[in-house]
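S.K.: The structure follows.
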Amino acid sequence: MKTRVNVQATEPAAFKAMFGLEAYLKTSKLTPIQLHLIKIRASQINGCAFCIDMHTKEALKDGETQQRIFLLNAWEETTLYTEEERVILAITEEVTVITKAGLTDKTYNAALAMFDENFITQIIMAVVAINGWNRIAISTHMPVQ
């Protein structure tokens, strides 16, 4: 696949804005593992090889297990994820596949029972960020390193 336009080179201010969102997420209450789960799962759904490669490597460095990464696309079928992670993954999927039903009342209410509104907002913003990165990487054919 031939690489296309380099967004970082042609529109550095746009790339800087995306990194601003990433900087915000680092100050959120989301743990590094929670962020990795969001980024990997959304990237799996979107089929973004560049982001799957990057975020699985980062997750492993931060202590995530290979087994949990391998089974992430079937998280509902395992007991490897905590209840909090399961809600975070449900939000990730529903916001990523927004045309299906969006963030359902069932998932939102489960999140409200577990998290405060600030944390729910942080989860949503993390999903928004990775979906933006996925769209940049896929549309510009960013190569896996």
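S.K.: Would you please name the residue that is surrounded by the fewest Cβ atoms within 10 Å (Cβ to Cβ), looking only at residues in the stretch 1-47 that are within 12 Å of the chain's Cα centre (by Cα) and more than 23 Å from Ile98 (Cβ to Cβ)?
M.R.: Among them, the one singled out is Pro32.
S.K.: Another one. Sort through Ala129, Ala111 and tell me the only one that's farther than 27 Å from Phe15 by Cα, of a type in the set (Gly, Ala, Ser), crowded, with 16+ Cβ neighbours inside 10 Å and touching a residue at least 24 places away in the same chain (Cβ under 8 Å).
M.R.: Result of the check over Ala129, Ala111: Ala111.
S.K.: Might you check whether a residue that is charged (D, E, K, R), assigned to a loop (DSSP other than H, G, I, E, B) and modelled with pLDDT of 95 or more occurs anywhere in the stretch 61-79?
M.R.: Yes; the residues of the stretch 61-79 include at least one that is charged (D, E, K, R), assigned to a loop (DSSP other than H, G, I, E, B) and modelled with pLDDT of 95 or more.
S.K.: Sticking with this one: Any residue at all in the stretch 42-59 that is in a loop (DSSP other than H, G, I, E, B), of a type outside the set (Lys, Arg) and at pLDDT 95 or above?
M.R.: yes
S.K.: Test Asn73 against the stated conditions and say whether it is in contact with a Ser or Thr (Cβ under 8 Å, 6 or more places away or on another chain) and of a type in the set (S, T, N, Q).
M.R.: Against the criterion (in contact with a Ser or Thr (Cβ under 8 Å, 6 or more places away or on another chain) and of a type in the set (S, T, N, Q)), Asn73 does not qualify.
S.K.: What is the one condition in (1) without any contact (Cβ under 8 Å) to a residue 60 or more places away in the chain; (2) surrounded by 12 or more Cβ atoms within 10 Å (Cβ to Cβ); (3) among the aromatic types (Phe, Trp, Tyr) that Phe50 does not satisfy?
M.R.: (1)
S.K.: Now a separate question. So Cys48 passes all but one of these: (1) of a type outside the set (Gly, Ala, Ser); (2) closer than 16 Å to Gln34 by Cα; (3) touching a Lys or Arg at 6+ places or on another chain (Cβ under 9 Å). Which condition number does it fail?
M.R.: (2)
S.K.: Out of (1) touching a residue at least 12 places away in the same chain (Cβ under 8 Å); (2) farther than 26 Å from Thr140 by Cα; (3) not basic (Lys, Arg), what's the single condition that is false for Thr78?
M.R.: Failing condition for Thr78: (1).
S.K.: Same structure, new question: What pairs can you find where one residue is in the stretch 86-103 and over 16 Å from Leu30 (Cβ atoms) and part of a loop (DSSP other than H, G, I, E, B), the other is polar (S, T, N, Q) and at pLDDT 95 or above, and their Cβ atoms are less than 9 Å apart, with a gap of 6+ or different chains?
M.R.: Ile98/Asn131
The values are calculated or read from the model by the stated rules, or taken from the named source; none is laboratory data. This one's a predicted model, so the numbers in the text were calculated from it and none came from an experiment. Reconstructed Cβ throughout: ideal geometry from the backbone, glycine too, with neighbour counts over all protein chains shown.
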